[in-house]
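Participant: Encoded as structure tokens, here's the structure I'll be asking about.
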Amino acid sequence: MRLGDLIGQTRAATALRNAITRHRVSHAYLFSGPHGVGKSTAALAFAQALNCDRPSPDDPAAACGQCRSCRLISQGTHPDVRLISPPGKRETSVIPIDRIRRDLVYDINLRPAMGRRKVYILDPADRTAPFSIHTILKALEEPPPYAVIILVTSRPALLPPTIPSRCQQVAFQLAGIEAIVHHLQTLGLDAPVAAAIAALSGGRVAWAVGAAHHPDVLAVRNALLDLCAGLHARAASGGLRLAEEIKLQALALSQAQNDGEEQTETEDASSESGSAPAAAGGGRLRSDLPWCLDVIVSWYRDRLAAAHGAPLVNPDYAEAVSRRKSGRIAADERAIAAILETKHSLQRNANVDLALESLAIKLLAEPATMRSSSHSERGRAR
Ligand SMILES: [Zn+2]
């Protein structure tokens, strides 16, 4: 991956490329931005660009991706590029202070073994052991000229203000949906599937690529949209069952992502996109439910969009979505409000079962005339 190939991160990539071509590489960087947008990938791409043996003659910031240095960095075995992350996959685990002392504070004094630069990537930098901040600050204070320290975080507010103030800050953003669709198509996905995944990724490239590798994620999305399409045929008293079905899909999502965990990135695909270990139990369910609720919101959002002829989030469900009676807009808006309220209450640690049941009852409580009039099978992304 070259800096120029980062998806939807033109500004960050340009800043890093300029640093190299203008010989103004800083000794410390803070890569911040939402989960799953490519910060960890960018850190490795930057390390490659700094150490590539055969950069393009036209563009010294373009790593070749083929030389020994580039390959060792991709494999995580370059002696001068250290990825310092918490051990294991539990979200509560932190980078131990001994590791920071050994792999950063002590190691930084040794000259590069084979490359031009020693690169230290702390990822995520907001998950370090208590009292290790002073140790990191010390490393940031007087690094040798060959060293570059990259702190990666989606939660910069958790870092003490003294840390960002000593780093060059590089902000990453959610990528545009079009850019993600295009990228997924280059990975070999059909246009409708790419569009469905991109729309649900919310601009998080790492999540989209992870979902592209795991058809189960798309199956959960399809199951939830099928559930929505069939709501009109359900009795208003079926709230408990509906809540249970939504919960089952969230559990299936946890399972699907857990199976493919090794394919995701360190910081880019953790917590929010749901890569915590299954052992986290309720925590895992709580972190995957919001995504399921987003899928359900996208259904109601599409019904409103269809009424106005606007583009749909789920174009493969266009037929089902457009089967609507007039005068239902208010009901769809109430449904969206109820789902968003449920998401908020889950964030505030509400009881998962009670919150879901309450939502399901509201979704089923709309008068029959306000719900859709018919339903049947449709072509959908698989
Ligand atoms: Zn190279």
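The values are calculated or read from the model by the stated rules, or taken from the named source; none is laboratory data. Quick caveat: nothing in here was measured; it's all calculated off a predicted structure. As a convention, Cβ positions derive from the backbone with ideal geometry for all residues, glycine included, and neighbour counts pool all protein chains shown.
Participant: Is there a residue being not assigned by TED's automatic domain parsing to the domain that holds residue 252 and not in a helix (DSSP H, G or I) anywhere in the stretch 176-185?
Facilitator: yes
Participant: Then there is this: Could you list, in sequence order, the residues of the stretch 93-111 that are surrounded by 14 or more Cβ atoms within 10 Å (Cβ to Cβ), part of a helix (DSSP H, G or I) and either of a type outside the set (A, V, I, L, M, F, W, C) or within 16 Å of the ligand (Cβ to nearest atom) (or both)?
Facilitator: Correct list: 99, 101, 103, 107.
Participant: One residue is enough: does the stretch 48-60 have a residue meeting the conditions crowded, with 23+ Cβ neighbours inside 10 Å, within 16 Å of the ligand (Cβ to nearest atom) and under 21 Å from the mean Cα position of the chain (by Cα)?
Facilitator: The answer is no, given that none of the residues of the stretch 48-60 is crowded, with 23+ Cβ neighbours inside 10 Å, within 16 Å of the ligand (Cβ to nearest atom) and under 21 Å from the mean Cα position of the chain (by Cα).
Participant: While we're on this one: Testing residue 28 on (1) within 16 Å of the ligand (Cβ to nearest atom); (2) modelled with pLDDT of 95 or more, one condition comes back false. Which one is that?
Facilitator: The number of the failed condition is (1).
Participant: Return a yes/no flag: does the stretch 22-39 have any residue that is under 19 Å from residue 151 (Cβ atoms) and assigned to a helix (DSSP H, G or I).
Facilitator: yes
Participant: Next question. Of everything in the stretch 179-208, what is β-branched (Val, Ile, Thr) and out of contact with any Gly (no Cβ under 9 Å at 6 or more places or on another chain)? Give them in sequence order.
Facilitator: The answer is 181, 186, 193, 197.
Participant: Something else: Please state which of the following conditions residue 300 fails to meet, knowing it meets all the rest: (1) in contact with a Leu (Cβ under 7 Å, 6 or more places away or on another chain); (2) closer than 16 Å to residue 196 by Cα.
Facilitator: (1)
Participant: Of the residues 43, 63, which is buried (at least 23 other Cβ atoms within 10 Å of the Cβ), assigned by TED's automatic domain parsing to the domain that holds residue 143 and under 26 Å from residue 211 (Cα atoms)?
Facilitator: 43
Participant: Among the candidates 219, 223, 235, which residue alone is assigned to a loop (DSSP other than H, G, I, E, B), in the same structural domain as residue 302 (by TED's automatic domain parsing) and surrounded by fewer than 23 Cβ atoms within 10 Å (Cβ to Cβ)?
Facilitator: 235
Participant: Sticking with this one: Where residues in the stretch 63-86 are hydroxyl-bearing (Ser, Thr, Tyr) and part of a helix (DSSP H, G or I), which of them is nearest to the ligand (Cβ to nearest atom)?
Facilitator: Per the criteria, the residue is 69.
Participant: Suppose we filter the stretch 134-161 for residues that are surrounded by fewer than 17 Cβ atoms within 10 Å (Cβ to Cβ), under 27 Å from the mean Cα position of the chain (by Cα) and touching a residue at least 12 places away in the same chain (Cβ under 8 Å); how many remain?
Facilitator: Number of matching residues: 3.
Participant: With respect to the numbered conditions (1) of a type outside the set (Phe, Trp, Tyr); (2) surrounded by fewer than 16 Cβ atoms within 10 Å (Cβ to Cβ); (3) more than 16 Å from the ligand (Cβ to nearest atom); (4) part of a helix (DSSP H, G or I), which one is the sole condition not fulfilled by residue 90?
Facilitator: (4)
Participant: Can I ask one more? In this structure, does residue 116 turn out to be touching a residue at least 40 places away in the same chain (Cβ under 8 Å) and part of a loop (DSSP other than H, G, I, E, B)?
Facilitator: yes
Participant: Cβ-Cβ distance below 6 Å, separation of 6 or more or different chains: which pairs start in the stretch 25-51 with a residue that is on the phi > 0 side of the Ramachandran plot and end on one that is more than 13 Å from the ligand (Cβ to nearest atom) and assigned to a helix (DSSP H, G or I)?
Facilitator: Correct list of pairs: 33/39; 36/206; 36/207; 36/273; 38/205.
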